[in-house]
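Notes for the one structure printed next.
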Amino acid sequence: MARVTTGITSSHIPALGAAIQTGTKGNDYWGPVFDGYEPIKKWIYEPGNMPDVIVLVYNDHATAFDMNVIPTFSIGCAESFAPADEGWGPRPVPDVIGHPDLAWHIAQSLILDDFDMCIFNDMKVDHGCTVPLSMVFGEPSEWPCKVIPFPVNVVTYPPPSGRRCFNLGDSIKAAVESFPEDLNVHVWGTGGMSHQLQGPRAGLINKEFDLNFIDMLIKDPETLSRMPHIQYLREAGSEGIELVMWLIMRGALGDKVRDLYTFYHIPASNTALGAMILQPEETAGEPLNPRVVHSGHSLAAAAE
Amino acid sequence: MSDEKKKERIDIHAYLAEFDDIPGTRVFTAQRARKGYWLNQFAMSLMKEENRQKFKEDNAAYLENWNLTDAAKKAVLARDYNAMIDEGGNVYFLSKLFSADGQSFQTAAGSMTGMTPEEYAQMMINGGRSPEGVRSIKEKY
């Protein structure tokens, strides 16, 4: 049977894609960010770690969905998904290759489990989906595994509650486990961490909130999932609400997890960046060494 | 339903009212989404290269194709992102406009703070804007 072996979280900041494209990923500003992902990249290419399929949870940033259609939870069931032109031409990355059998299986299972999914076939994917792939896999000519795009509305209010996201993750886990083929499935939760891209309060970063979020995501997601939207908005900035998507990933891993790796960096453009590898405790591998990496301004604060 | 525990429901009025208590922040509610419908759809049109070309050739003429308020038109022409958000714009939609202008998210976001791009970039390197005192207008914390 198929199993959710791993959850990965990653920010999906578009400037990371631009840094790759402009060849500036090694400079003083971006170097530490790409260095922080290096252990994840190394880990995922090790034998046994490469997933067959990733269920990639992200938000569409007004790309495939405009004001005409605003689905709360959707799933891409097509054979492939091309990178979208978000205003500066499509990102020069490979098409995302889907897994229609598993995607349709998950869609049907979720609907029977009371999550009324929106099913998409013809859909372009934006930086929310492709930047995490670039950060973890580098710049291959084709992505090394299949990807099921799973967009969540966090743009037009109200987005789904943290609780709803956490429960959805649990239903994704059950859906994957009822798929007969033997597949290594990852669930990735992307976006975050604290950031605000609008208004006079733009530039907000809340290190204390972010580190507490990471801690609770590992140890007590049940309580974390009850955090109301207003708390995300006040503490993590208007775009920090993306973090509810991390709870979908966490819900798909079961009760107890082992944190193999946690990276936290301030700032990547406007954003505090977080990236983690988590595995269900009962089948978890060894933590990476070092297990926790902070860089950028997060270091300065840690030394206080 | 009788044997099931009654669901705890969120009071939508209280839920929405709290959003107005966050300083310097406009949450993209249904009310804003309705107001900004055409402004946001205009921005989406810039995802096509041919539309970007037309827009670049003559901003004002291109805007005539969209059912925009005068305030929205003025805000777009001035690239005043705070004013566009007041007109119901959302930053992810408006990103198509600043991307078409060759601007980054950081430049656009910084332009809404009253800081110069250099000051804003430096604030981010120094750890970003602290949440201290900007969480709530009423509670001042």
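Quick note: the coordinates plus some simple rules give every number you see, no bench work behind them. Being a predicted model, the structure only gives us computed values, none of them experimental. Don't worry about glycine lacking a Cβ; one is built from the backbone with ideal geometry, like all the others, and counts go over all protein chains shown.
Quick check: from the Cα gyration tensor, does segment A:1-149 come out rounded (a/c under 1.5), prolate or oblate?
Details: a/c = 2.10, a/b = 1.33, b/c = 1.58.
Cα axes put segment A:1-149 in the oblate bin.
So for chain A, what percent of the C-alpha to C-alpha distances run longer than 31 Å?
The proportion of pairs with Cα distances above 31 Å equals 20 percent.
Once you put a point 7 Å from the Cα of B:Leu77 and another 7 Å from the Cα of B:His13, both along the Cβ direction, what distance in nm separates them?
4.2
Relative contact order for chain A: what is it in percent, counting Cα pairs under 8 Å that are at least 6 residues apart?
Relative contact order, chain A: 28 percent.
Assuming a ≥ b ≥ c are the square roots of the Cα gyration tensor eigenvalues, decide whether segment A:226-304 counts as rounded (a/c under 1.5), prolate (otherwise, with a/b larger than b/c) or oblate.
oblate
Pick out, in residue order, every one of the trypsin sites (Lys or Arg not before Pro) in segment B:3-59 that is DSSP loop and has at most 14 other C-beta atoms within 10 Å; say none if there are none.
Details: sites: B:Lys5, B:Lys6, B:Lys7, B:Arg9, B:Arg26, B:Arg32, B:Arg34, B:Lys35, B:Lys48, B:Arg52, B:Lys54, B:Lys56; in loops: B:Lys5, B:Lys6, B:Lys7, B:Arg9, B:Arg26, B:Lys48.
Passing both the DSSP loop test and the Cβ count: B:Lys5, B:Lys6, B:Lys7, B:Arg9, B:Lys48.
Taking 30 Å as R0, compute the FRET efficiency from the Cβ-Cβ separation of A:Met1 and A:Ile70 and round it to 0.05.
Approximately 0.30, to the nearest 0.05.
Going by how many other Cβ atoms sit within 10 Å of their own, how do A:Ile13, A:Ile218 line up, fewest first?
A:Ile218, A:Ile13
Taking the Cα atoms of segment A:94-231, what is the range of coordinates along each of the three principal axes, in descending order and whole Å?
46, 37, 29
For segment A:37-80 and segment B:86-132, write down the distance between their C-alpha centroids in whole Å.
26
Quick one: if the Förster radius is 51 Å, what FRET efficiency do B:Glu49 and B:Lys5 give, using the C-beta to C-beta distance and rounding to 0.05?
On the way: r = 55 Å, r/R0 = 1.07.
Step by step, r from the Cβ atoms, then E = 0.40.
Tell me which GluC sites (Glu not before Pro) from segment B:1-45 have a DSSP coil assignment and no more than 12 other beta carbons within 10 Å of their own.
Passing sites in segment B:1-45 are B:Glu4, B:Glu8.
Using the alpha-carbon centroid of each, what span in Å lies between segment B:1-71 and segment A:156-204?
22
Please go through segment B:41-125 and write out the GluC sites (Glu not before Pro) that DSSP classes as loop and that have at most 16 other C-beta atoms within 10 Å.
B:Glu64
Quick one: if you stick a label point 7 Å off each Cα along the C-beta vector at A:Lys41 and A:Gln108, how many nm between them?
4.0
Taking the convex hull of the alpha carbon atoms in segment B:1-127, what volume per residue do you get, in Å³?
So the per-residue hull volume is 176 Å³.
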